[in-house]
1. Take the solvent-accessible surface of the protein heavy atoms, probe 1.4 Å, and return the percent of it on the range A:53-153 that carbon and sulfur atoms account for.
2. Can you tell me the alpha carbon radius of gyration of the protein assembly as shown divided by the globular rule-of-thumb value 2.2 N^0.38 Å?
3. Identify which of A:246, A:89, A:76 has the largest mean-square fluctuation in a Gaussian network model of chain A, with springs joining Cα atoms closer than 10 Å.
4. Determine the alpha carbon to alpha carbon distance for each of A:173/A:198; A:2/B:8; A:159/A:232; A:232/A:262; A:140/B:16; B:45/B:76 and list only those over 32 Å.
5. Provide the net charge surrounding residue B:92, with neighbours chosen by a C-beta distance below 15 Å and charges set as Lys +1, Arg +1, Asp -1, Glu -1.
6. Please report the projected area of the range B:56-134's Cα convex hull averaged over all directions, in nm².
7. Using alpha carbons only, how many degrees (0 to 90, rounded to 10) separate the axis of helix A:3-32 from the longest principal axis of chain A?
8. Counting pairs of alpha carbon atoms under 8 Å apart in space and at least six apart in sequence, what relative contact order in percent does chain A give?
Amino acid sequence: MKIAKVLKLTKYTLLIIILIFLISVGISSFYASQGILASPDSAISVTGFNYEISNGSLFLKFDLHILNKGFYSLQNSRLQYFIVNGSSNITSGKIYLGNIVGEFYIPISIPVSIINLVGHFLTYNISQLENPVNLRVYLKFLSYYAFNFFTISLSSIGKIKLPPPLLYFNLGKPQYNINNSYINIEFPLTIDTAFYLKTTSIIKTILQFNNTILGYYNATLELGTNYTLWLKYNVPISYENSMANNYNKISILVWIYIYDFKLYLGEFK
Amino acid sequence: MSNQDAIKSSISQSIKFLIIPTLIYSILSDNIGIFPLGLNGIVVKSSIEPLMILLLGTPVLISHIAFSSFDRNKSKLIAAFVESAFLILYFFYFIQQGSISISSNNFSLSIYYGEIFMLIMALSIVSLFSKIDF
(Lines give C-alpha, C1' and ligand atoms only; values in the text may rest on other atoms or scores of the structure.)
Protein backbone atom coordinates (compact mmCIF):
# COMPACT_ATOMS: atom_id res chain seq x y z
CA MET A 1 0.00 0.00 0.00
CA LYS A 2 1.30 3.43 -0.92
CA ILE A 3 2.23 5.86 1.86
CA ALA A 4 -0.30 8.36 0.55
CA LYS A 5 -3.06 5.77 0.96
CA VAL A 6 -1.98 4.95 4.52
CA LEU A 7 -1.94 8.66 5.36
CA LYS A 8 -5.37 9.19 3.83
CA LEU A 9 -6.74 6.22 5.78
CA THR A 10 -5.17 7.58 8.98
CA LYS A 11 -6.63 11.02 8.24
CA TYR A 12 -10.19 9.70 7.85
CA THR A 13 -9.84 7.41 10.88
CA LEU A 14 -8.67 10.37 12.99
CA LEU A 15 -11.46 12.52 11.59
CA ILE A 16 -14.08 9.89 12.50
CA ILE A 17 -12.59 9.47 16.02
CA ILE A 18 -12.60 13.25 16.60
CA LEU A 19 -16.13 13.64 15.26
CA ILE A 20 -17.53 10.77 17.33
CA PHE A 21 -15.69 12.03 20.39
CA LEU A 22 -16.85 15.64 19.98
CA ILE A 23 -20.46 14.62 19.28
CA SER A 24 -20.53 12.27 22.29
CA VAL A 25 -18.94 14.93 24.54
CA GLY A 26 -21.45 17.46 23.24
CA ILE A 27 -24.42 15.20 24.04
CA SER A 28 -22.97 14.17 27.41
CA SER A 29 -22.20 17.80 28.30
CA PHE A 30 -25.75 18.77 27.37
CA TYR A 31 -27.14 16.26 29.88
CA ALA A 32 -24.47 17.14 32.43
CA SER A 33 -25.40 20.79 32.06
CA GLN A 34 -28.85 20.00 33.46
CA GLY A 35 -27.16 19.00 36.71
CA ILE A 36 -24.00 20.39 38.14
CA LEU A 37 -23.28 22.91 35.41
CA ALA A 38 -26.80 24.30 35.33
CA SER A 39 -26.68 25.62 38.85
CA PRO A 40 -23.06 25.52 39.92
CA ASP A 41 -23.82 27.93 42.73
CA SER A 42 -26.13 25.48 44.44
CA ALA A 43 -24.22 22.41 43.29
CA ILE A 44 -21.54 23.11 45.88
CA SER A 45 -23.68 25.09 48.25
CA VAL A 46 -22.04 26.26 51.45
CA THR A 47 -25.25 27.14 53.26
CA GLY A 48 -26.59 24.97 56.04
CA PHE A 49 -23.38 24.21 57.90
CA ASN A 50 -23.55 22.07 61.02
CA TYR A 51 -20.92 22.23 63.72
CA GLU A 52 -19.28 19.64 65.92
CA ILE A 53 -16.53 20.08 68.49
CA SER A 54 -13.99 17.32 68.94
CA ASN A 55 -10.36 17.18 70.13
CA GLY A 56 -9.76 20.93 70.05
CA SER A 57 -11.21 21.28 66.56
CA LEU A 58 -14.44 22.67 65.24
CA PHE A 59 -15.80 20.50 62.42
CA LEU A 60 -17.82 22.35 59.79
CA LYS A 61 -20.17 19.80 58.25
CA PHE A 62 -22.34 19.92 55.16
CA ASP A 63 -23.59 17.61 52.44
CA LEU A 64 -22.08 18.04 49.00
CA HIS A 65 -24.61 17.38 46.28
CA ILE A 66 -23.44 16.81 42.71
CA LEU A 67 -25.67 15.74 39.87
CA ASN A 68 -23.93 14.57 36.70
CA LYS A 69 -26.54 13.45 34.16
CA GLY A 70 -23.98 13.07 31.38
CA PHE A 71 -22.66 9.61 30.50
CA TYR A 72 -19.00 10.59 30.85
CA SER A 73 -17.93 10.49 34.47
CA LEU A 74 -16.37 13.32 36.41
CA GLN A 75 -13.02 11.69 37.10
CA ASN A 76 -10.55 12.20 39.91
CA SER A 77 -12.80 14.78 41.53
CA ARG A 78 -11.48 16.82 44.44
CA LEU A 79 -12.87 19.50 46.69
CA GLN A 80 -10.44 22.18 47.76
CA TYR A 81 -11.34 24.49 50.61
CA PHE A 82 -9.91 27.67 52.06
CA ILE A 83 -11.40 29.26 55.16
CA VAL A 84 -10.31 32.79 55.95
CA ASN A 85 -11.16 35.32 58.61
CA GLY A 86 -10.47 38.74 57.14
CA SER A 87 -6.91 38.43 55.92
CA SER A 88 -6.05 35.50 58.22
CA ASN A 89 -5.96 32.05 56.69
CA ILE A 90 -7.76 29.77 59.14
CA THR A 91 -7.42 26.47 57.34
CA SER A 92 -7.14 24.96 53.89
CA GLY A 93 -7.12 21.48 52.48
CA LYS A 94 -8.29 19.05 49.84
CA ILE A 95 -10.87 16.23 49.98
CA TYR A 96 -10.66 13.48 47.34
CA LEU A 97 -14.08 12.55 45.94
CA GLY A 98 -13.19 10.06 43.19
CA ASN A 99 -15.25 9.39 40.05
CA ILE A 100 -18.79 10.70 39.85
CA VAL A 101 -21.58 9.58 37.56
CA GLY A 102 -25.22 10.29 38.35
CA GLU A 103 -26.37 11.79 41.59
CA PHE A 104 -23.82 12.03 44.33
CA TYR A 105 -24.11 12.96 48.00
CA ILE A 106 -21.14 13.05 50.28
CA PRO A 107 -20.96 14.31 53.84
CA ILE A 108 -18.09 16.77 54.05
CA SER A 109 -16.41 17.53 57.33
CA ILE A 110 -13.81 20.29 57.45
CA PRO A 111 -11.71 20.44 60.60
CA VAL A 112 -10.89 23.93 61.85
CA SER A 113 -8.37 24.22 64.66
CA ILE A 114 -9.82 26.37 67.45
CA ILE A 115 -6.37 27.89 67.98
CA ASN A 116 -6.32 28.96 64.32
CA LEU A 117 -9.90 30.17 64.58
CA VAL A 118 -9.53 32.43 67.60
CA GLY A 119 -5.77 32.65 68.07
CA HIS A 120 -5.39 36.02 66.46
CA PHE A 121 -8.35 37.37 68.47
CA LEU A 122 -6.62 36.43 71.68
CA THR A 123 -3.72 38.72 70.96
CA TYR A 124 -6.13 41.67 70.85
CA ASN A 125 -7.96 43.30 73.70
CA ILE A 126 -11.20 42.11 75.23
CA SER A 127 -13.43 44.24 72.98
CA GLN A 128 -12.28 42.22 69.95
CA LEU A 129 -13.50 39.05 71.64
CA GLU A 130 -16.99 40.48 71.79
CA ASN A 131 -17.27 40.71 67.99
CA PRO A 132 -18.78 37.85 65.96
CA VAL A 133 -16.34 35.70 63.98
CA ASN A 134 -17.06 36.18 60.27
CA LEU A 135 -15.56 33.44 58.14
CA ARG A 136 -15.40 33.19 54.39
CA VAL A 137 -15.39 29.70 52.90
CA TYR A 138 -13.92 29.27 49.43
CA LEU A 139 -14.80 25.94 47.86
CA LYS A 140 -13.30 24.75 44.61
CA PHE A 141 -14.56 21.56 42.95
CA LEU A 142 -11.96 20.17 40.52
CA SER A 143 -12.57 17.33 38.12
CA TYR A 144 -11.64 15.81 34.78
CA TYR A 145 -14.27 15.03 32.18
CA ALA A 146 -14.39 12.76 29.12
CA PHE A 147 -11.13 10.80 29.40
CA ASN A 148 -9.34 13.79 30.95
CA PHE A 149 -9.77 15.82 27.75
CA PHE A 150 -11.57 18.49 29.76
CA THR A 151 -10.68 19.88 33.16
CA ILE A 152 -13.48 21.46 35.13
CA SER A 153 -13.02 23.85 38.01
CA LEU A 154 -16.08 25.13 39.83
CA SER A 155 -15.73 27.69 42.61
CA SER A 156 -18.13 29.02 45.17
CA ILE A 157 -17.85 31.36 48.12
CA GLY A 158 -19.85 31.08 51.33
CA LYS A 159 -20.05 32.99 54.56
CA ILE A 160 -20.27 31.67 58.11
CA LYS A 161 -21.02 33.88 61.08
CA LEU A 162 -20.01 32.36 64.41
CA PRO A 163 -20.98 33.94 67.75
CA PRO A 164 -18.35 36.11 69.51
CA PRO A 165 -15.77 34.13 71.51
CA LEU A 166 -16.75 36.07 74.65
CA LEU A 167 -20.51 36.37 75.12
CA TYR A 168 -20.63 37.71 78.67
CA PHE A 169 -18.14 38.62 81.37
CA ASN A 170 -18.93 40.17 84.75
CA LEU A 171 -17.32 40.58 88.14
CA GLY A 172 -20.04 40.88 90.79
CA LYS A 173 -20.20 42.56 94.18
CA PRO A 174 -17.99 40.97 96.85
CA GLN A 175 -19.04 39.09 99.91
CA TYR A 176 -16.76 39.08 102.90
CA ASN A 177 -16.47 37.85 106.45
CA ILE A 178 -13.89 38.67 109.07
CA ASN A 179 -12.19 36.17 111.33
CA ASN A 180 -9.42 36.71 113.85
CA SER A 181 -6.55 37.62 111.59
CA TYR A 182 -7.92 37.71 108.00
CA ILE A 183 -10.75 39.16 105.97
CA ASN A 184 -12.15 36.55 103.54
CA ILE A 185 -13.28 38.37 100.41
CA GLU A 186 -15.08 36.54 97.60
CA PHE A 187 -16.00 37.99 94.21
CA PRO A 188 -18.44 36.17 91.88
CA LEU A 189 -17.05 36.03 88.33
CA THR A 190 -19.42 35.02 85.56
CA ILE A 191 -18.10 34.22 82.11
CA ASP A 192 -20.04 32.92 79.11
CA THR A 193 -18.03 31.86 76.06
CA ALA A 194 -18.96 30.57 72.61
CA PHE A 195 -19.62 26.84 72.15
CA TYR A 196 -16.55 26.40 69.95
CA LEU A 197 -14.22 27.41 72.80
CA LYS A 198 -15.28 24.30 74.75
CA THR A 199 -12.24 23.43 76.85
CA THR A 200 -10.88 23.64 80.38
CA SER A 201 -9.01 26.85 80.95
CA ILE A 202 -7.05 28.49 83.76
CA ILE A 203 -7.90 31.87 85.20
CA LYS A 204 -5.31 33.87 87.17
CA THR A 205 -6.22 36.90 89.25
CA ILE A 206 -4.50 39.42 91.46
CA LEU A 207 -6.22 41.46 94.18
CA GLN A 208 -4.75 44.93 94.56
CA PHE A 209 -5.37 47.68 97.01
CA ASN A 210 -3.85 51.08 96.37
CA ASN A 211 -1.41 49.41 93.94
CA THR A 212 -0.27 46.93 96.59
CA ILE A 213 -0.79 43.25 95.83
CA LEU A 214 -2.83 41.65 98.61
CA GLY A 215 -3.52 38.25 97.14
CA TYR A 216 -3.59 35.84 94.21
CA TYR A 217 -6.32 33.46 93.15
CA ASN A 218 -6.00 30.90 90.38
CA ALA A 219 -8.65 28.42 89.33
CA THR A 220 -9.71 26.15 86.50
CA LEU A 221 -12.64 27.25 84.40
CA GLU A 222 -14.94 25.51 81.93
CA LEU A 223 -15.24 27.40 78.66
CA GLY A 224 -17.91 26.97 76.01
CA THR A 225 -20.71 27.47 78.52
CA ASN A 226 -22.02 29.95 81.09
CA TYR A 227 -19.81 29.50 84.13
CA THR A 228 -19.62 31.22 87.50
CA LEU A 229 -16.75 30.87 89.97
CA TRP A 230 -15.83 32.68 93.16
CA LEU A 231 -12.50 34.46 93.40
CA LYS A 232 -11.35 34.01 97.00
CA TYR A 233 -8.75 36.10 98.82
CA ASN A 234 -7.54 36.26 102.41
CA VAL A 235 -6.49 39.82 103.29
CA PRO A 236 -4.68 40.65 106.55
CA ILE A 237 -7.05 42.21 109.07
CA SER A 238 -4.77 45.26 109.33
CA TYR A 239 -6.25 46.46 105.98
CA GLU A 240 -9.83 46.43 107.31
CA ASN A 241 -10.23 50.13 108.05
CA SER A 242 -8.22 51.49 105.16
CA MET A 243 -10.11 49.24 102.66
CA ALA A 244 -13.47 50.16 104.11
CA ASN A 245 -12.65 53.87 103.74
CA ASN A 246 -11.07 53.60 100.27
CA TYR A 247 -12.99 50.75 98.64
CA ASN A 248 -12.63 52.46 95.24
CA LYS A 249 -8.91 51.66 95.37
CA ILE A 250 -9.60 47.91 95.41
CA SER A 251 -9.02 46.34 92.03
CA ILE A 252 -8.74 42.87 90.52
CA LEU A 253 -6.57 42.04 87.52
CA VAL A 254 -7.78 39.05 85.51
CA TRP A 255 -5.94 36.86 83.01
CA ILE A 256 -7.39 33.85 81.29
CA TYR A 257 -5.42 31.11 79.54
CA ILE A 258 -7.22 29.86 76.44
CA TYR A 259 -5.28 27.06 74.76
CA ASP A 260 -1.76 28.48 74.46
CA PHE A 261 -2.79 32.10 74.74
CA LYS A 262 -2.66 34.29 77.82
CA LEU A 263 -5.40 36.88 77.61
CA TYR A 264 -5.62 39.91 79.88
CA LEU A 265 -9.28 40.57 80.53
CA GLY A 266 -8.66 43.83 82.34
CA GLU A 267 -8.65 45.56 85.70
CA PHE A 268 -11.96 45.60 87.58
CA LYS A 269 -12.68 48.09 90.40
CA MET B 1 -1.79 20.51 -7.79
CA SER B 2 -3.28 23.08 -10.15
CA ASN B 3 -3.31 26.81 -9.38
CA GLN B 4 -7.03 26.62 -8.75
CA ASP B 5 -6.57 23.76 -6.27
CA ALA B 6 -3.76 25.68 -4.55
CA ILE B 7 -5.99 28.75 -4.15
CA LYS B 8 -8.86 26.61 -2.85
CA SER B 9 -6.56 24.83 -0.40
CA SER B 10 -5.12 28.14 0.89
CA ILE B 11 -8.58 29.62 1.36
CA SER B 12 -9.67 26.50 3.20
CA GLN B 13 -6.58 26.71 5.47
CA SER B 14 -7.15 30.38 6.24
CA ILE B 15 -10.79 29.65 7.12
CA LYS B 16 -9.76 26.71 9.35
CA PHE B 17 -6.84 28.29 11.14
CA LEU B 18 -7.56 32.02 11.12
CA ILE B 19 -11.14 33.04 10.51
CA ILE B 20 -13.16 30.40 12.41
CA PRO B 21 -11.01 30.36 15.62
CA THR B 22 -10.84 34.19 15.65
CA LEU B 23 -14.59 34.47 15.24
CA ILE B 24 -15.33 31.81 17.88
CA TYR B 25 -13.09 33.40 20.48
CA SER B 26 -14.22 36.91 19.62
CA ILE B 27 -17.83 35.88 20.11
CA LEU B 28 -17.26 33.84 23.26
CA SER B 29 -15.07 36.13 25.28
CA ASP B 30 -16.16 39.06 27.34
CA ASN B 31 -12.56 40.13 27.74
CA ILE B 32 -12.28 40.73 24.01
CA GLY B 33 -15.65 42.41 23.93
CA ILE B 34 -16.64 42.23 20.27
CA PHE B 35 -19.76 40.12 20.76
CA PRO B 36 -19.71 39.21 24.45
CA LEU B 37 -22.13 36.50 25.49
CA GLY B 38 -22.13 37.48 29.18
CA LEU B 39 -25.68 37.81 30.48
CA ASN B 40 -27.23 38.60 33.82
CA GLY B 41 -23.95 39.38 35.56
CA ILE B 42 -22.28 36.23 34.19
CA VAL B 43 -18.90 36.93 32.63
CA VAL B 44 -17.42 34.62 30.04
CA LYS B 45 -13.66 34.80 29.58
CA SER B 46 -11.40 32.90 27.26
CA SER B 47 -7.67 32.72 27.70
CA ILE B 48 -7.22 32.53 23.92
CA GLU B 49 -6.42 35.87 22.30
CA PRO B 50 -7.50 36.45 18.66
CA LEU B 51 -4.26 38.39 18.11
CA MET B 52 -2.27 35.26 18.98
CA ILE B 53 -4.43 33.24 16.58
CA LEU B 54 -3.51 35.70 13.83
CA LEU B 55 0.18 35.77 14.80
CA LEU B 56 0.52 32.00 14.91
CA GLY B 57 -1.94 31.23 12.13
CA THR B 58 -0.37 33.54 9.51
CA PRO B 59 2.92 31.51 9.22
CA VAL B 60 0.78 28.37 8.86
CA LEU B 61 -1.12 30.00 6.02
CA ILE B 62 2.02 31.35 4.28
CA SER B 63 3.80 28.00 4.52
CA HIS B 64 0.67 26.32 3.16
CA ILE B 65 0.61 28.67 0.17
CA ALA B 66 4.26 27.70 -0.46
CA PHE B 67 3.38 24.02 -0.02
CA SER B 68 0.52 24.35 -2.54
CA SER B 69 2.64 26.19 -5.10
CA PHE B 70 5.35 23.50 -5.29
CA ASP B 71 4.97 20.77 -7.89
CA ARG B 72 7.96 18.61 -7.09
CA ASN B 73 7.38 16.06 -4.32
CA LYS B 74 10.72 16.77 -2.66
CA SER B 75 9.95 20.51 -2.38
CA LYS B 76 6.42 19.69 -1.21
CA LEU B 77 7.80 17.36 1.47
CA ILE B 78 10.15 20.07 2.79
CA ALA B 79 7.30 22.61 2.76
CA ALA B 80 5.07 20.08 4.57
CA PHE B 81 7.66 19.72 7.33
CA VAL B 82 7.93 23.52 7.64
CA GLU B 83 4.16 23.85 7.78
CA SER B 84 3.97 21.03 10.34
CA ALA B 85 6.40 22.92 12.55
CA PHE B 86 4.18 26.02 12.38
CA LEU B 87 1.10 23.86 12.98
CA ILE B 88 2.70 22.41 16.12
CA LEU B 89 3.44 25.96 17.35
CA TYR B 90 -0.08 27.04 16.51
CA PHE B 91 -1.73 24.11 18.31
CA PHE B 92 0.73 24.24 21.19
CA TYR B 93 -0.77 27.64 22.02
CA PHE B 94 -4.27 26.11 22.16
CA ILE B 95 -3.05 23.10 24.16
CA GLN B 96 -1.47 25.48 26.69
CA GLN B 97 -4.16 28.15 26.78
CA GLY B 98 -7.35 26.35 25.85
CA SER B 99 -9.62 27.36 28.66
CA ILE B 100 -12.80 29.25 29.18
CA SER B 101 -14.16 30.59 32.44
CA ILE B 102 -17.70 31.59 33.29
CA SER B 103 -18.16 33.56 36.47
CA SER B 104 -20.65 35.60 38.42
CA ASN B 105 -20.48 37.13 41.88
CA ASN B 106 -20.17 33.96 43.88
CA PHE B 107 -19.26 31.15 41.56
CA SER B 108 -16.88 30.54 38.71
CA LEU B 109 -16.63 27.66 36.30
CA SER B 110 -13.45 27.05 34.33
CA ILE B 111 -13.22 24.44 31.62
CA TYR B 112 -9.82 23.52 30.22
CA TYR B 113 -10.11 21.75 26.89
CA GLY B 114 -6.55 22.05 25.50
CA GLU B 115 -5.98 18.30 25.21
CA ILE B 116 -8.58 17.97 22.44
CA PHE B 117 -6.31 20.07 20.22
CA MET B 118 -3.68 17.31 20.31
CA LEU B 119 -6.07 15.14 18.29
CA ILE B 120 -6.89 18.01 15.92
CA MET B 121 -3.17 18.75 15.52
CA ALA B 122 -2.46 15.13 14.63
CA LEU B 123 -5.32 15.20 12.12
CA SER B 124 -4.05 18.44 10.51
CA ILE B 125 -0.51 17.10 10.10
CA VAL B 126 -1.64 13.74 8.71
CA SER B 127 -4.04 15.55 6.41
CA LEU B 128 -1.21 17.75 5.14
CA PHE B 129 1.13 14.87 4.35
CA SER B 130 -1.68 12.91 2.70
CA LYS B 131 -1.79 15.63 0.01
CA ILE B 132 1.71 14.65 -1.19
CA ASP B 133 1.70 12.06 -3.94
CA PHE B 134 4.37 9.68 -2.57
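The values are calculated or read from the model by the stated rules, or taken from the named source; none is laboratory data. Given the structure is predicted, the values throughout are model-derived calculations rather than measurements. Using ideal geometry, Cβ is built from the backbone for each residue, glycine included, and neighbour counts are taken over all protein chains shown. Accessible surface is based on the protein model in full, side chains and every heavy atom, while ligands, DNA and RNA are left aside. Shrake-Rupley method; radii C 1.70, N 1.55, O 1.52, S 1.80 Å.
1. Values: 2280 of 4580 Å².
Carbon-and-sulfur percentage of accessible area, whole number: 50.
2. Numbers: Rg = 35.6 Å, N = 403, 2.2 N^0.38 = 21.5 Å.
Normalised Cα radius of gyration, the protein assembly as shown: 1.65.
3. A:246
4. Flagged as over cut-off: A:159/A:232; A:140/B:16; B:45/B:76.
5. Details: positive: none; negative: B:49, B:83, B:115.
Net charge in that neighbourhood comes out at -3.
6. Details: hull surface 22.9 nm².
Average projection, Cα convex hull of the range B:56-134: 5.7 nm².
7. Relative to chain A, helix A:3-32 is tipped by roughly 40 degrees.
8. Numbers: 552 pairs, mean separation 36.7, N = 269.
This gives 14 percent for chain A.
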